[in-house]
Amino acid sequence: MMQAFIDAIVLAILGMGIVLFVLWFLCMVMVGMGVVFGDKKKKPISAVTSAAAPVVSAPAAPVEDDGEIMAVITAAIAACLSGSSQLVVRPYASSAPESAWTMAAKTQILK
């Protein structure tokens, strides 16, 4: 009985050790791929933040226009990528009409 318990403990420790080793190995592979295939023109974080536009405080009232929010997010992404990407902004709209169940659920949430 005691030998079976010790064997179970050893097996559990061995299994956890193997899992941790494989995770560490995968982490090292990802770091290596980042070094090999990484962006050679990457700026330091301090250079990106110092070149960014000054921070503007948020408006007191909630913004209803999603286009304005999309423009701000797009500008932030473009600033981080420093214009090196062909970024395309597409409108986000549902093409299918909402079902009665969906409209009822949204109405219930608002109540």
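The values are calculated or read from the model by the stated rules, or taken from the named source; none is laboratory data. Keep in mind it's a predicted model, so treat the numbers as computed, not measured. Here the Cβ is made from the backbone with ideal geometry for all residues, glycine too, and neighbour counts use every protein chain on show. Ligands, DNA and RNA are excluded from the accessible area calculation, which covers all protein heavy atoms including side chains. Shrake-Rupley method; radii C 1.70, N 1.55, O 1.52, S 1.80 Å.
Numbers at a glance
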quantity	calculated
Label-point separation, residue 109 to residue 4 (7 Å along Cα→Cβ), nm	5.2
Förster-model FRET efficiency, 25 Å R0, residue 78 and residue 35, C-beta, rounded to 0.05	0.45
Largest to smallest accessible area among 66, 7 [probe 1.4 Å]	66, 7
Ordering of 16-28, 70-82 by packing [mean C-beta count within 10 Å, highest first]	70-82, 16-28
Solvent-accessible area of residue 98 with every protein chain in place, 1.4 Å probe, in Å² to the nearest 10	90
